[in-house]
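Working notes, structure below.
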Amino acid sequence: QIDEAEVVAFSVPSYACLRRTTLDNHNPVLTDALSLLAENAELSDEDGRGVAFRRAAAVLKALPEPVTGVTQLRGLPCLGGHSLRVIRDILENGASSEVEFTKQSERFKALKVLTDIFGVGAKTAERWIRDGIHSLHQLQESGQTLNRAQQAGLEHYDDLKQPVTKAEADAIGEIVEEAVVSVLPGAQITLIGGFRRGKLTGHDVDFLITHPEEVLSLQGFLLYQKTTRNSYLEAKDGPARPASNMDRFERCFSIFKLADAEKRGTKQTENTPEDTCRLAAHSRWRAVRVDLVVSPISQFAFALLGWTGSKLFERELRRWAGHEKAMSLSSHALYDNKQGRYLKATSEEEIFTYLGLEYIPPSERNA
Ligand code: 8DG
Ligand code: MN
Ligand code: MN
């Protein structure tokens, strides 16, 4: 009964970094469906399809109101035939047969369960599935050798599946801050990732630390840690300078031991065997995924922009920089290919300006 001419036509720029995407999503059913297909593609080593579904979902997240008919989508970018078919299916039949089929499929369910283990990627899960392993129980029975990360991931599986709250993120922030400042007076620690974008829960907590001269001592708090050295060396005047102890480590993907709220005032100590056998019912702490990123002050703005996300927003920023500005953006630096030099910045705003973009605050980077 609605005249087609009256149907609201949405207009959305094709790069996610030109859009303001808040957490106020008016089309969660559609975006959840497309995100699930993206996830399935990513888990199946089809990254191209994964990105296509992520881009389509991001366009719908940017719409100012719920979509009621496919005619409203005319002229929108990033909506390929496949995504449109899924959207039409949901708008007309209430559900997408492809999404429902995928959700029910043994393969997808197994890939999900296995890659939900910290330290297990799609490749490993794929190999295990080929060996007939579809569940945690089957994995434990199989005698597969697990690396240290996977052992820790399996041990803390249930904890790590629980979303992390903002209160927990803040509690960890205080502990990390205290540890950092005790070795490095004056160091800055910033909450990044989803919490910086205003999310109320996350799958982990991400921090940016600027910048250590020493390795941080968080030993008593970490149940697992893998640090990666900073391999980035600015090659601006010829040969790379040797790495100083300033960038001793760049990232630490860890599992953090967070005491229950009522216990938090008291100092934590080394793990005891008793801790490891704690009963869930009497738990006095929980495991939380924590990512620590360390950057020297000269790279702070790039690290901040590069680790705040969302993942798609970051990807789109780099695509914009490369394709539209002939610049290379990373979480360390911005290189201008035409001028043949690095562009220095001390704030995110400056980087947006170099890129010829309007500044988008973190809360509007939820593409
Ligand atoms: P969530 O934890 O609330 O579920 O979501 P999130 O905070 O948005 O996702 P995340 O997986 O914790 O990632 C946070 C940001 O970190 C995101 O922008 C992507 C970025 N990031 C990684 N890995 C890497 C990496 O290896 N290099 C760089 N430069 N950035 C990365 O997750
Ligand atoms: Mn995160
Ligand atoms: Mn993270």
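Which peptide among 294-306, 155-167, 337-349 comes first, and what is the full order, when sorted by highest mean count of other Cβ atoms within 10 Å? Mind showing how you got there, number by number?
Numbers: 294-306: 21.7, 155-167: 15.7, 337-349: 13.2.
For the peptides 294-306, 155-167, 337-349, the packing ranking is 294-306, 155-167, 337-349.
Under unit Cβ charges (Lys, Arg +1; Asp, Glu -1), what dipole magnitude, rounded to 20 debye, does segment 45-151 have relative to its Cα centre? Provide the component values of the computation, followed by the final result.
Details: 15 positive and 13 negative charges, 55 e Å.
In total the dipole reaches around 260 debye.
Amide H to amide H, which residues 5 or more places from G119 or on other chains are under 5 Å from it, using H placed in the peptide plane?
none
How much length would be gained if the chain were fully extended between R74 and T201, taking 0.36 nm per residue of separation minus their Cα-Cα distance, in nm to one decimal? All intermediate terms of the calculation are to be shown ahead of the outcome.
Working: separation 127, 0.36 × 127 = 45.72 nm, distance 3.42 nm.
Contour length minus Cα-Cα distance gives 42.3 nm.
Give the residue from Q104, L34, A58 lying farthest towards the positive end of the charge dipole for segment 1-106; charges sit on Cβ (+1 for Lys and Arg, -1 for Asp and Glu) and the dipole is referred to the Cα centre.
Comparing the listed Cα positions along the dipole, A58 ranks first.
Hey, which of these cross-link pairs are over 22 Å Cα-Cα: K123/K311; K161/K311; K123/K257; K103/K161? Show your work: numbers first, answer last.
Details: K123/K311 20 Å; K161/K311 20 Å; K123/K257 28 Å; K103/K161 18 Å.
Those over the limit are K123/K257.
For a Förster distance of 30 Å, can you work out the FRET efficiency between the beta-carbons of D131 and H82, rounded to the nearest 0.05? Intermediate results must be reported in sequence, preceding the final value.
Working: r = 31 Å, r/R0 = 1.05.
In this case the efficiency is close to 0.45.
Hey, rough spin-label estimate for S11 and E92, points 7 angstrom out along Cα→Cβ, what's it come to in nanometres?
Each label point is offset 7 Å from its Cα along the Cβ direction, giving 2.9 nm.
Over segment 301-364, what is the mean sequence separation of C-alpha contacts under 8 Å (at least six apart), divided by residue count, expressed as relative contact order in percent? Present the calculation step by step, with values, prior to reporting the outcome.
On the way: 66 pairs, mean separation 19.1, N = 64.
The value is 30 percent.
Using R₀ = 56 Å, calculate the FRET efficiency as 1/(1 + (r/R₀)^6) where r is the Cβ-Cβ separation of Q151 and R319; round to 0.05. Numbers along the way, then the final one.
Values: r = 37 Å, r/R0 = 0.67.
The value I calculate is 0.90.
Run the quick spin-label model on K338 and E262: label points 7 Å from Cα toward the beta carbon, then report their separation in nm to one decimal.
With each label point 7 Å from Cα toward Cβ, the separation is 6.4 nm.
Quick note: the coordinates plus some simple rules give every number you see, no bench work behind them. Bear in mind the structure is a predicted one, so any value in this text is a computation, not a measurement. Backbone-built Cβ (ideal geometry, glycine too); neighbour counts: all protein chains shown.
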